[in-house]
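Chemist: Pasting a structure here, questions to come.
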Amino acid sequence: MIGVGVLKGMAVTLRQFVGTYPAGRVLLKALHLPEGNGIFTISYPETKQQHAERFRYFPFLVYDATPDNLRCVACRICEQECPPQCIHITMAKDEQNRPLKANGRTFPAQFDIDVSICMSCRICVDVCPFEAIEMDNRHEIATHARGPELLFDKTELLRSAEYFQQIKPTEAAVVNQRLVAKAAKSQPPKPAAASTPPAA
Amino acid sequence: MTNAALKTDLLEVNLGPQHPSTHGVFQMTVVLDGETIVSLKPVLGYLHRNHEQICEDVSYIGCFPYTDRLDYFCAMTNNFGLAVAIEQLGGIEVPERAQYLRVILAELTRLVNHTAVTGFLLNDMGAFGTPLLYAFREREKILDLFEMASGSRMMCNYIRPGGVREDVPDGFVGRAQEIVAAYPRFLDEMETLLTENEIIRQRTQGVGVLPKALAVNAGITGPMLRASGVDYDLRKVDGYGVYPRMRFKVPLGTVGDVYDRYYVRVLEMRESLKILEQALKELPKTGPALSAKGQLIGRSPRTFRPPKGDAYGRIESPKGELGFYLVSDGSPQPYRYHVRAPSFINLTVLEDMCRGQKVADAIIILGSVDIVMGEVDR
Amino acid sequence: MLDQLFVHATRGLLTLPGRMLPPALNAWVGLLLPIAAIAALAPAVMMYLTWLERKIIARMQNRLGPNRVGLFGLTQPLADGVKMLIKEDIVPAGADRLLHVIAPVTALLPAILLFAVLPVGRNMAAVDLNVGALYILAVSSISSLAVFMGGWASRNKFSVLGAMRAVAQIISYEVPSVLSVVAVIMVTGSLSLVAVVNAQAEGWFIATPWGAVAALTFFLSGIAEVNRTPFDMPEAESELVAGFHTEYSGMKFALWYMAEFLEAFAVCAFTTTLFLGGWQGPAWPVWPWCLAAALVLASARTLAGPLRLLGLLGCAWAAVALRSEVVPSWAWFLLKTYALVFVLVWLRGTFPRLRADQLMGFAWKFLLPLALVNIIAAGCWSVWPGLRGSLIALGLLVGSAWALIRVNAPASEQRRTYVLVE
């Protein structure tokens, strides 16, 4: 019968309309009609979406305890592996071009990530042998221009290990386990650990 | 009175590249006689991003985030396709659990894609966004699931050669089962709204018919081919992964018009739900989600140097046969990397379907082809 | 008291200058007052129609709609208005400047003029024109001229295509629209809208068989004339970008929108006036009972679905057949009009649009014959008063509607079977 399909369609939208009001839901229930889906959107600045723990945005650099105790040794593996090549690293060196060391490790003098190029693929995290780079879930970083404001340097990228623990507890636990295992492996021959050259 | 007597002119109209319903930056140069289409010339390349060339310059793993951006509705199946190709090239085994996870993610992607396409098709028909927003409402739930597993809603970069990047978190299977259980209700609602609607039937039935022979000759794949009545589904033909263990049917259309293409997709979604139910039930509780070799490749991509040779890996993506052709010269980067993009090849018959139809039909025919410009232009 | 509030207020305002001004000028003031009221209210009505539409459609789509500017987004229309005003006014190169500017004005003027003859409440028509029905039909058809003017002057292919569709559509739908009004005029014997409303004191026309059909044809062709979904061919966004107003920006674009929304409101208002009893309400003692009965019926779970529906329709009919004096007449009028506005928005929130040729087919092959048969049915109804006339009219209409549906059912409209292999 012509027209029935049209009316059925109208019934669907009306039901959804009524179902968005609390009183409407009561009415729908009273009439034994299937409930509508209700309001599905969230009012953004007031309520924020709960992201999954694994939610990833842009990478950050992890430090232990103090900001000068970076895990990063400026080995530049992530720089090489980054598909869009948005990471730029220079190792801290003295006048004779010898690597400087802090806490027994080399460290980056410059560590820039151009987040306007970064595509949040997480490959840098996967390839880092030192667990020094992790994915942040801070995503409200909109700026008015895409020049220097979106070029994050070392200071902007630094986050503490506690912060990592806080935003991604499960992942941090796995990472810590790996770090502990690694430390245990390299601990017994104490002098060897010190002489291990930073991965080139 | 004939047109000759009226001395009417043909009107050439550029639909796109900036047009509300060309699904991105696609241009159709349409020659109209009144409202009837005399000829239609697709103009491509506005979204060309040098995908294949870029991927020849990065490691095999480095290609994956770029494939997310091919067909940005179906990142998971794109990852899947490339992973299959690389596994063939490097002879990598995939653990059982990963096989199941891949099937689950691929079928969820099919739901996402077909739901969204139906919504967009209705928008092309002029609905004021209602079916589209219903579709997006459901799509969001699946995207939440993707975010849970991979950390990203659309640019997943999750399926890897040798399995998936990391195992799914606790609660994933439960959430997926909830969504799968609730989905038929949404499909029923969508069908009440659309399938029997007389306006939609009038608009779509008999419009943009793609004959069986032409579909086969033009290399059309996916729901579009099946809507024309050709039984060809790579999940059955190739039986890759654990698909041979799944019990599902392949819906076939009879006429090959826009309505068939719409309805075949709806039926495919119902079949996908069956696959999902089975796969979620049969998913091995334990076992690695990434093979040892896969883990090694993931941690140091440049150590993966497949032997010289080539491989063509293909899967049934929601849009059709998605193939990746890789040539290796023994270096860490692919020597040649080529994508057989289903939307691009399905688009080739656009003029044949549109000729003689009205200009309003051209839009919905394009909508029913289901293209994503990221994949068409690459 | 409340009923005649605005009437008394006007009279009071008129007596005030009447004491001071010469009688000749007083007459002018009497004329200017309703004009000022309409001119002031028209933009306000339009602005809140946009708000209402966005809100209703948003709710249908499980969204909240505008809720940022003011409480419930109530000042959103003002913000939109300001935005429109400060936007750059672009006239495309090669466009006919003069026509491009006057087209939106030409569209808006008749839309406002329409309200002059509208009986908003008891004794509340700005002008009780004795050819009111003719006036609305004549004035509303000016808009097709404006649409074509705007489309042609824009020098854009999309605009021209949209304008051509618009003219074809508006002219086609004018015919069934006029024919459905003819039935009303036949029965009331007057072209005055006030007389039409008064004639419905006994019962609204929509409660009669011919009235229901005429209301449907009038409302549907009205929707088509004001280019709203599912008949919004001329501005089909997915095909023609924005149709005839593709090249308009800023305030001129706002004028097009205002014209469209005012005409949509006018369609609802005139459907109310002609078929839904205008400002007449159902009688006081009856309609609460009807409502109660309807609620009981609606919640009666044991009854079969169709039976409940029939009962509800019966309640609605009973409520319609009688009228009330308690609620002011203008409130009744606005209530009914906004109910129709809701239907209009509801249609827009649900349906895709028809194709241009199918749209024409609907007007010429379905609405027009039905409207013609309806004139005969209305004749039968008034010749044989009572049940006999009603039954004859009903039989005529149902028969012809069924025949028309059968004849028009397109060949492709079929149920299909799908093969599921393996």
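The values are calculated or read from the model by the stated rules, or taken from the named source; none is laboratory data. Since the model is a prediction, treat every value here as computed from it, not as a measurement. Don't worry about glycine lacking a Cβ; one is built from the backbone with ideal geometry, like all the others, and counts go over all protein chains shown. The protein model used for the area step is the full one, side chains on, heavy atoms only, and it has no ligands, DNA or RNA in it. Shrake-Rupley method; radii C 1.70, N 1.55, O 1.52, S 1.80 Å.
Chemist: Out of all DSSP beta bridges with both ends in the protein assembly as shown, state the antiparallel percent to the nearest 5.
Modeler: 90
Chemist: By a straight-distance test (C-alpha under 24 Å), which lysines pair with B:K308 as possible cross-link partners, with residues fewer than eight away in the same chain excluded?
Modeler: Straight-distance partners of B:K308: B:K293.
Chemist: Please compute, for peptide C:48-59, the average count of beta-carbon atoms on other protein chains lying within 10 Å of each residue's beta-carbon.
Modeler: Numbers: counts 0, 0, 0, 0, 0, 1, 0, 0, 2, 6, 6, 10.
Taking all residues of C:48-59 together, the mean is 2.
Chemist: Which one of A:I89, A:S116, A:L100 is farthest out on the positive end of the charge dipole of the stretch A:59-183, using unit charges on Cβ (Lys, Arg +1; Asp, Glu -1) and the Cα centre as origin?
Modeler: A:L100
Chemist: Nearest 20 debye, what's the magnitude of the dipole of the protein assembly as shown about its Cα centre given +1 on Lys and Arg Cβ and -1 on Asp and Glu Cβ?
Modeler: Once rounded to the nearest 20, the dipole reads 1440 debye.
Chemist: Based on Cβ point charges of +1 for Lys and Arg and -1 for Asp and Glu, what charge dipole magnitude is obtained for the stretch A:59-183 about its Cα centre, in debye rounded to the nearest 20?
Modeler: 360
Chemist: Using only the Cα atoms of chain B, what are the Rg and Dmax in Å?
Modeler: Looking at chain B, its Cα Rg and Dmax stand at 21.2, 78 Å.
Chemist: Just going by the charge dipole of chain B, with Lys and Arg at +1 and Asp and Glu at -1 on Cβ, which of B:A227, B:P318, B:G129 is farthest out on the positive end?
Modeler: Looking along the dipole axis, the top candidate is B:P318.
Chemist: Could you tell me which of the pairs B:K249/B:K358; B:K274/B:K319; A:K8/B:K249 are separated by over 26 angstrom between their Cα atoms in the structure shown?
Modeler: Going by Cα-Cα distance, B:K249/B:K358; A:K8/B:K249 fall outside the 26 Å limit.
Chemist: For C:K87, list the lysines whose Cα falls under 29 Å from its own Cα; do not include residues on the same chain fewer than 8 positions away.
Modeler: Within the straight-line limit of under 29 Å, C:K87 reaches these lysines: C:K55, C:K157, C:K252.
Chemist: Are there DSSP H segments in chain A that both extend 18 Å or more along their axis (alpha-carbon positions) and score a mean Kyte-Doolittle hydropathy of at least 0.5? List them, or say none.
Modeler: Helix filter hits for chain A: A:4-19.
Chemist: Working from Cα positions, state the angle (0 to 90°, nearest 10) between the long axis of helix B:130-150 and the longest principal axis of chain B.
Modeler: Between helix and principal axis, roughly 10 degrees.
Chemist: Just the number, please: carbon plus sulfur as a percent of the accessible area of chain C, 1.4 Å probe, no ligands or DNA/RNA counted.
Modeler: 75
Chemist: Which of the cysteines found in chain B have nothing to pair with, since no other Cys Cβ lies under 4.7 Å from theirs?
Modeler: Lacking a cysteine Cβ partner under 4.7 Å: B:C74, B:C156, B:C354.
Chemist: State which entries of A:K93/A:K154; C:K336/C:K365; A:K168/B:K141 exceed 19 angstrom in Cα-Cα distance in the structure shown.
Modeler: Listed pairs above 19 Å: C:K336/C:K365; A:K168/B:K141.
Chemist: I've got another one for you. Grab the DSSP H runs of chain B that are 4 residues or longer, score each as -39,500 (n - 2.57), total them, divide by all residues and round the 222 nm result to the nearest 500 deg cm²/dmol.
Modeler: Computed mean residue ellipticity for chain B: -15000 deg cm²/dmol.
Chemist: What do you get for the angle between helix B:75-90 and the principal long axis of chain B? Use alpha-carbon atoms, 0 to 90 degrees, nearest ten.
Modeler: 50
Chemist: Which whole-number value in Å³ per residue fits the convex hull of the alpha carbons of the stretch B:22-170? Walk me through the numbers on the way to the answer.
Modeler: Working: hull volume 19.4 nm³, N = 149.
Convex hull of Cα atoms, per residue: 131 Å³.
Chemist: Could I ask something else about it? Given the convex hull over the Cα atoms of the stretch B:127-202, what projected area results after averaging over all orientations, in nm²?
Modeler: Working: hull surface 26.8 nm².
Across all orientations, the stretch B:127-202 yields a mean hull projection of 6.7 nm².
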